[in-house]
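Chemist: Below is one structure. I have some questions about it.
The values are calculated or read from the model by the stated rules, or taken from the named source; none is laboratory data. Since we're looking at a predicted model, the values are computed, not measured. Note: ideal-geometry Cβ built from the backbone for every residue, glycine included; neighbour counts use all protein chains shown. Areas reflect the complete protein model, heavy atoms only, side chains present, ligands, DNA and RNA absent. Shrake-Rupley method; radii C 1.70, N 1.55, O 1.52, S 1.80 Å.
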Amino acid sequence: MTNTVRAIGATAEAAPLEPIDIVRRTPEANDVRISITHSGICHSDIHTVRGEWGDRPYPVVPGHEIVGTVLEVGSDVTRFAVGQTVGVGVIVDSCGTCPECLDHLECYCTGTGPRFTYADPEPQMPGAFTYGGYAQEIVTAERFVYRIPEGLDLAGVAPLLCAGITVFSPLKHWGAGPGKTVAVAGIGGLGHLAVKFAHALGAHTVAITSSEEKRDLCLKLGADEVLVSSDPAAMAAADSRFDIIISTLPSDHDMNPYISLLALDGTYVVVGAVNDLNRPLTLPGLMMRRRSIGGSMIGGTVETQEMLDFCGEHGITADVEVVAADYVNQAYDRVVAGDVAFRFVIDATTI
Ligand SMILES: [Zn+2]
Ligand SMILES: [Zn+2]
């Protein structure tokens with residue numbers, strides 16, 4: 001038996017998104033079948049459906065910031081029950097046996113590699129590909145399903161499943177907390193969550209934005225200070241101050257002025273730049289203060305659950321604009337134009 005559901009997908013590289021029917025796999029013993037209520041729009045979705053990250057198996061149904069309600073559980077599922085509110089993020093499978101998987105770092109799986117929530121081969125259906133969260137339902141292995149703490153706005157929870165864990169994981173890894181000064185460069189979908197997390201973790205939090213107009217907004221998000229990157233005097237005054245910089249800046253930016261802001265042993269963590277840099281890096285800037293550049297990609301399953309629980313304790317959600325499914329193409333154009341504060345979420349009941 002198969003399960004046909006309605007979805008929003010792209011049938012070709014240049015095609016707009018449109019309603020299509022897709023087939024979900026029949027739930028197996030370890031699977032959870034979820035009725036999707038909210039699906040965040042991530043910039044990765046746009047890169048993927050527009051073919052900017054290489055060939056994809058069309059139709060592509062994007063969406064990896066998924067919140068919904070459990071409809072059905074397989075016979076071996078122990079952690080979830082029908083009716084429970086749950087989430088699904090960027091990956092839906094990994095080998096489960098490599099050192100990284102055993103360490104719950106499935107996103108860095110060196111066995112089969114992580115299997116992504118959309119546009120990756122669907123293991124249970126030969127020849128088929130995974131479809132993401134812009135759909136009425138999804139069927140996912142229990143290992144990649146998360147509990148959603150009670151009391152949070154569910155639309156604002158959806159972006160936590162990608163944007164949230166993408167910034168939470170490096171903040172934890174590089175030790176953000178009391179006594180540390182953490183800067184967040186770029187205050188958008190990722191950056192606004194990084195500011196909230198850094199503040200809640202107890203770090204002295206500095207928002208770095210190119211626009212003076214965002215100052216009040218940054219303070220409201222929880223920043224202790226705002227540094228305007230277009231102000232040379234302010235940038236000079238912040239020299240060697242930060243223990244960690246979480247950089248959500250777009251791919252093609254000059255890192256050197258930001259590296260100068262790092263304290264001794266400070267780390268510049270790249271999470272927003274997926275393509276290569278086209279600007280040279282000045283190495284003495286690293287050596288003179290034993291600075292590092294790091295990168296980070298989403299986070300593992302245990303840490304994702306920890307992040308969601310942390311959000312429950314601290315009342316953290318993303319700032320979102322909820323839209324109906326038929327607005328998705330306009331929403332994409334507005335994301336590309338930077339015209340959203342800070343994340344679109346599709347009301348999946350309109351699909
Ligand atoms: Zn994403
Ligand atoms: Zn693995």
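Chemist: Going through the range 12-42 one residue at a time, which ones are assigned to a loop (DSSP other than H, G, I, E, B) and within 22 Å of the chain's Cα centre (by Cα)? Talk me through it step by step, then tell me what you get.
Modeler: Residues of the range 12-42 assigned to a loop (DSSP other than H, G, I, E, B): 12-17, 25-30, 41-42.
Matches in the range 12-42: 17, 41, 42.
Chemist: Looking at the range 45-53, is at least one residue open to solvent by 10 Å² or more (accessible area, probe 1.4 Å), of a type in the set (Lys, Arg), in contact (Cβ under 8 Å) with a residue 60 or more places away in the chain and within 24 Å of residue 162 (Cα to Cα)?
Modeler: Scanning the range 45-53 turns up no residue that is open to solvent by 10 Å² or more (accessible area, probe 1.4 Å), of a type in the set (Lys, Arg), in contact (Cβ under 8 Å) with a residue 60 or more places away in the chain and within 24 Å of residue 162 (Cα to Cα).
Chemist: Still on this structure, I have one more. Just one of the numbered conditions (1) aliphatic (A, V, I, L, M); (2) part of a loop (DSSP other than H, G, I, E, B); (3) surrounded by fewer than 17 Cβ atoms within 10 Å (Cβ to Cβ) is not true of residue 249; which one?
Modeler: Among (1) aliphatic (A, V, I, L, M); (2) part of a loop (DSSP other than H, G, I, E, B); (3) surrounded by fewer than 17 Cβ atoms within 10 Å (Cβ to Cβ), residue 249 violates only (3).
Chemist: Any residue that is polar (S, T, N, Q), within 16 Å of ligand 1 (Cβ to nearest atom) and closer than 25 Å to residue 337 by Cβ - is there at least one of those in the range 161-183?
Modeler: yes
Chemist: Please work out if residue 73 is away from ligand 2 (no atom under 16 Å from the Cβ), touching a Lys or Arg at 6+ places or on another chain (Cβ under 9 Å) and over 25 Å from residue 151 (Cα atoms). Walk me through how you get there before you give the answer.
Modeler: Details: away from ligand 2 (no atom under 16 Å from the Cβ): yes; touching a Lys or Arg at 6+ places or on another chain (Cβ under 9 Å): yes; over 25 Å from residue 151 (Cα atoms): no.
In short, no.
Chemist: Scan the range 322-351 and report the pairs whose first residue is open to solvent by less than 50 Å² (accessible area, probe 1.4 Å) and whose second residue is basic (Lys, Arg) and not in a strand (DSSP E or B), with Cβ atoms within less than 9 Å and a gap of 6+ or a chain change.
Modeler: Pairs found: 332/50; 340/334; 344/334.
Chemist: State which residue is farthest from residue 106 (Cα to Cα) when the search covers only the range 135-145 and only residues that are more than 16 Å from ligand 2 (Cβ to nearest atom) and open to solvent by 10 Å² or more (accessible area, probe 1.4 Å).
Modeler: So, considering only residues that are more than 16 Å from ligand 2 (Cβ to nearest atom) and open to solvent by 10 Å² or more (accessible area, probe 1.4 Å), the one farthest from residue 106 (Cα to Cα) is 136.
Chemist: Right, residue 236: buried (at least 21 other Cβ atoms within 10 Å of the Cβ) and modelled with pLDDT of 95 or more or not? Spell out how you get there, then give the answer.
Modeler: Working: buried (at least 21 other Cβ atoms within 10 Å of the Cβ): no; modelled with pLDDT of 95 or more: yes.
No: the conditions fail for residue 236.
Chemist: Can you tell me which residue is least open to solvent (accessible area, probe 1.4 Å) among those in the range 146-158 that are assigned to a loop (DSSP other than H, G, I, E, B) and closer than 22 Å to residue 191 by Cβ?
Modeler: So the residue we want is 152.
Chemist: So which residues in the range 263-286 are under 26 Å from residue 203 (Cβ atoms) and within 25 Å of the chain's Cα centre (by Cα), if there are any at all?
Modeler: Within the range 263-286, 266, 267, 268, 269, 270, 271, 272, 273, 274 qualify.
Chemist: Does residue 129 satisfy the criteria of being out of contact with any helix residue (DSSP H, G or I) (no Cβ under 6 Å at 6 or more places or on another chain), within 16 Å of ligand 2 (Cβ to nearest atom), under 23 Å from residue 11 (Cβ atoms) and open to solvent by 50 Å² or more (accessible area, probe 1.4 Å)?
Modeler: Numbers: out of contact with any helix residue (DSSP H, G or I) (no Cβ under 6 Å at 6 or more places or on another chain): yes; within 16 Å of ligand 2 (Cβ to nearest atom): no; under 23 Å from residue 11 (Cβ atoms): yes; open to solvent by 50 Å² or more (accessible area, probe 1.4 Å): yes.
No.
Chemist: Just to verify a result, which residue in the range 44-67, among those that are among the hydrophobic types (A, V, I, L, M, F, W, C) and in a helix (DSSP H, G or I), is farthest from residue 322 (Cα to Cα)?
Modeler: 49
Chemist: If you don't mind, there's one more thing I want to ask. Restricting to the range 83-105, and then to whatever is more than 24 Å from residue 69 (Cα to Cα) and not in a loop (DSSP other than H, G, I, E, B), can you tell me which residue is nearest to ligand 2 (Cβ to nearest atom)?
Modeler: Filtering the range 83-105 for residues that are more than 24 Å from residue 69 (Cα to Cα) and not in a loop (DSSP other than H, G, I, E, B), the one nearest to ligand 2 (Cβ to nearest atom) comes out as 101.
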